[in-house]
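Rule-based calculations on the coordinates, nothing more; no lab input. Keep in mind the model is a prediction, meaning the values are calculated, not measured. Glycine also receives a Cβ, built like all others from the backbone with ideal geometry; neighbour counts cover every protein chain displayed.
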Amino acid sequence: MKILNELYAGKAKTVYETDDSERLVLRFRDDTSAFDGAKIEQLARKGMVNNRTNAFIMEKLEAAGIVTHFDRLLSANEAVVKRLDMIPIECVVRNISSGSICKRLGVEEGLTLLPPTFEFFLKDDARHDPMVNEFHIRSFGWASEDEVAAMKTQTFAVNDCLKALFAEAGLLLVDYKLEFGRYQGDVVLGDEFTADGCRLWDAKTREKLDKDRFRQGLGGVVEAYEEVAHRLGVDLD
Ligand code: ATP
Ligand code: TYD
């Protein structure tokens, strides 16, 4: 496969067109950002750890019947994915309260949420990704009613699969964000699943092993991501 021009440089990944019009290459960079890009640092090895961890998780999701954009690993920090028409909406599921919901609703961190709660955000950094509801998404034409339903169903299906996978690794899946896109008439998961886009706590100590280490300046960010990969059984060599 030949990598052609750069299509888009996101905060943590660069997307390239390829000689296959249906496939893109994602390059996972070492850049780490928080607060809508206000805090950015380079963390050595992060691109590789995330690329390999993401591939491992995408394969678990596919095995559980969830269709994703993932095609194959291309190199240590690159993957081939299906080219999607992205829906500009972020889907968040929360099993335990943490992050923005605590500030927004004044609830304490660490409450178990039964049922797990669900939120939509508009993907718009300049407006700090405002929370939107299903009617906003349909009324402004960001996605249809059926697409909204599909995003919700698939985001919860990911929860069922990954809560169990992480539990076996001694980890609590606190919350996560997913994006979707259209591919040949279907709504397909079009995001990475790594410690950059979810919260993972040690099940016994509740130590944070995700991007909150970066957001909160706790240090040991990549070491925590490697610990997650190690516990899952991801091959990092
Ligand atoms: P974040 O997702 O954390 O808000 P970002 O938008 O800067 O940050 P990156 O992960 O750095 O995201 O960049 C990836 C970009 O590529 C995103 O805009 C995403 O929508 C897009 N993208 C990812 N997978 C696909 C795909 N399969 N087809 C088309 N675009 C994709
Ligand atoms: P949330 O608590 O809403 O935001 P914050 O990251 O500001 O604390 O995030 C919930 C989960 O979704 C968390 O694991 C981070 C992830 N997320 C992203 O990775 N990117 C985003 O743009 C959003 C809104 C959430």
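Below are the figures for this structure:
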{"read-out": "Sequence ranges 78-89, 138-149, ranked by mean other-Cβ count within 10 angstrom, highest first", "value": "78-89, 138-149"}
{"read-out": "Within a Gaussian network of the chain (alpha carbon springs, distance under 10 Å), most fluctuating of 226, 109, 168", "value": "109"}
{"read-out": "Residue-averaged 222 nm ellipticity for the chain, from DSSP H runs of 4+ at -39500 (n - 2.57), nearest 500", "value": "-9000 deg cm²/dmol"}
{"read-out": "Percent RCO, i.e. relative contact order, over the range 1-84, from Cα pairs under 8 Å lying at least 6 residues apart", "value": "25 percent"}
{"read-out": "Kirkwood-based shape ratio for the range 119-193, expressed as Rg/Rh from alpha carbons", "value": "1.01"}
{"read-out": "Peptide ranges 44-51, 129-136 listed from the most packed, as the mean C-beta count within 10 angstrom indicates", "value": "44-51, 129-136"}
{"read-out": "Order of 196, 31 - criterion: other Cβ atoms within 10 Å of each residue's Cβ, fewest first", "value": "31, 196"}
{"read-out": "Cα convex hull of the chain - mean projected area over all directions, nm²", "value": "12.7 nm²"}
